[in-house]
1. Within segment 52-76, count every residue that is assigned to a strand (DSSP E or B) and of a type outside the set (Val, Ile, Thr).
2. Identify, please: which residue in segment 499-514 is of a type outside the set (A, V, I, L, M) and open to solvent by 20 Å² or more (accessible area, probe 1.4 Å) and is, among those, nearest to residue 562 (Cα to Cα)?
3. Only one residue in 399, 422, 345 is assigned to a helix (DSSP H, G or I), open to solvent by 10 Å² or more (accessible area, probe 1.4 Å) and among the charged types (D, E, K, R), so which one is that?
4. Going by the conditions given, is residue 482 among the basic types (Lys, Arg) and over 23 Å from residue 135 (Cβ atoms)?
5. Could you please give the count of residues in segment 110-131 that are open to solvent by less than 40 Å² (accessible area, probe 1.4 Å), over 13 Å from residue 197 (Cα atoms) and of a type in the set (Gly, Ala, Ser)?
6. Of the conditions (1) assigned to a loop (DSSP other than H, G, I, E, B); (2) among the aliphatic types (A, V, I, L, M); (3) closer than 17 Å to residue 197 by Cα, residue 226 satisfies every one except a single condition; which number is it?
7. Just give me the residues in segment 268-292 being within 18 Å of residue 317 (Cβ to Cβ) and surrounded by fewer than 20 Cβ atoms within 10 Å (Cβ to Cβ), in sequence order.
8. Are there any pairs, at least 6 apart or on different chains, whose C-beta atoms fall under 7 Å, with the first in segment 140-156 and charged (D, E, K, R) and at pLDDT 95 or above and the second open to solvent by less than 10 Å² (accessible area, probe 1.4 Å) and assigned to a helix (DSSP H, G or I), and if so, which?
Amino acid sequence: MHPCCPAPSRRDVLTTAGRGGSIGALATAWGAVMPASAWAQAKPMAPASAAPVVQPFDMADVTLADGPLLHAQTMTEAYLMRLQPDRMLANFRTNAGLKPKAPVYGGWESEPQWADINCHGHTLGHYLSACALAYRATKDKRYRQRIDYIAQELAACQQAACSGLVCAFPKGPALVAAHLRGEPITGVPWYTLHKLYAGLRDSALLADSERARAVLIRLADWGVVATKPLTDDQFETMLQTEYGGMNEVYADLYFMTGNQDYRRVAERFSQKAIMDPLAKGQDHLDGLHANTQVPKIIGFQRVFEATGNDRYRNAAAFFWRTVAHTRSFATGGHGDGEHFFAMADFDRHVFSAKGSETCCQHNMLKLTRALFLHDPRADYADYYERTLYNGILASQDPDSGMATYFQGARPGYMKLYHTPEDSFWCCTGTGMENHVKYRDSIYFHDDRALYVNLFIPSSVSWADKGAGLTQVTNFPDSATTRFRWKLRQPTELTLKLRHPKWSRTATLLVNGAEVERSDQPGRYVDVTRTWKTGDMVEWRMVMEPATESAPAAPKIVAFTYGPLVLAGALGREGLAPGADVVVSERKYGEYNDGPFQAPILSGEPDHLIRKIAATGKPLEFTIPAADGRPVRLVPYHRIAHERYATYWKLA
């Protein structure tokens, strides 16, 4: 124990435990590491009214086979292993009065302009989450070793600082204290702290790191004590500054420990100024910073699960419907310059170079998944699939594994990727997580049914039923997927196959015989029978060209093929090699200056669809421009290192 930190007396320990009966708080007060068995005993039951309808499969029970998603995962794994924990920990050690063990990384981790908004340190939290996800997916012990090392170093920082608070932004404790007092500050300390909370939570839950649990509980208890003096009005005023998903992580802590204090803090971190209108079905989102809102909405759903209060659920569900159905681009992204805009002004915003912030897509998928667990509707899975391919998979450079910040639709624009060591944008952090968690939303189950939400080469093991299902497909190159059962003994189960909205019809075959033909897209087709090892299921869907436009701008269209956005592949004219790897995300838009002119398409949307011709290569098409020259169309997620267009203003 650090000499400045007195040993806790028995009275101190009992007082700490009495705040909510938390085993975690008790263990933390003694500086002990709580065994996993104690955490399991501490978990409370969710209110019956807030219990999920379906369950996800453990990522460890899902295996990815070769395909674009596995390639993306492999690229991210390589990047995670290249990064050095000591460099991400440098500013944490400095703030705690300890000497750094390595020089800090560049960009958002050290540059002065990012110190001003307290972004230093956010990457470490994302990195912990990514390592925890990668460990759960692969069981590679190196990820667990990195997690434990980082947690050990953070514990040393807590000990040296005599505080549960650990942070990397300059004057961190003083800044947080000023924020809690209601003084004007520059920056977003809770936003950055949330990343650390979340990384430690993921490390505890997915990698079973007891060291991470101990650091997390001490940090969480610090937060309880630090925010307790605030009145409700003072707390609400503090929440006018971006705070990430602090309500979500404190609700998670409640489920992890049973500590009622954590549930109360989760409710206090749920901003009423945002929740109240949403719960009433009112859309007041115009002009708001988009990714400030989405994490807190995820938190609303999690607080509903902890409390059973329908207002939180209603707010989350209404927000999702509003953003997914009325505010999203064809790719599933939304916003211009990180902000929601009035959809009546769609034509003024769609061609921005700063549309579709990748963090927003990351968080919208988290929200979609959370809502699906309570209301397993096909339209949640439809949106998830669209955004997964056209937003998340599309965000990664397939050659380097680096990621985008924005994915704008300005014709002739190109994707810009972060550098490995001198950028560390917010979307660098979520980008570390995105590609190591593809396994978490392919399959779901209830007591008797297995849901297939995504058509990805993979397999799932359902241990409780003694069942395994292998999916073989080259989707999206083909619209057909096949499944093979393996069972310990013949078992009656229901297989629920999503009939996506983009497929006019779908045909189900079992062991080569047609058993159902569906002409109702946007639902699940169920097949219930006693399955035995070797039974085969074939699911045939239909992909065809279509257009998508906003009601306010019917002459601005995107072309789609099934769930995929088809982008115009416009070449590299005027681009120097490597020009799409940048340090500063503020360079967005600069590469559209100069003599390059994107092709122009003319005609009515329905007429243009009929002119789309296949080239004979998988998912490659052409469409004639107004001057007669062919424009090559390919899936947007395959665009890299060249100019593109996803939306077209028809002449």
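The values are calculated or read from the model by the stated rules, or taken from the named source; none is laboratory data. Keep in mind that what you see is a predicted model, and the values were worked out from it rather than measured. Here Cβ is always computed from backbone atoms with ideal geometry, including for glycine, and neighbour counts include all displayed protein chains. For accessibility, only protein heavy atoms count, side chains too; no ligands or nucleic acids. Shrake-Rupley method; radii C 1.70, N 1.55, O 1.52, S 1.80 Å.
1. Residues meeting the conditions: 3.
2. Once the filter is applied, the top-ranked residue is 502.
3. Answer to the check: 345.
4. Spelling it out, residue 482 is indeed among the basic types (Lys, Arg) and over 23 Å from residue 135 (Cβ atoms).
5. Going through segment 110-131 one residue at a time, the tally reaches 2.
6. So residue 226 meets the others, but not (1).
7. Listed by number, the residues that qualify are 272, 276, 277, 280, 281, 282, 283, 284.
8. Within 7 Å, the pairs are 140/134; 146/131; 153/89.
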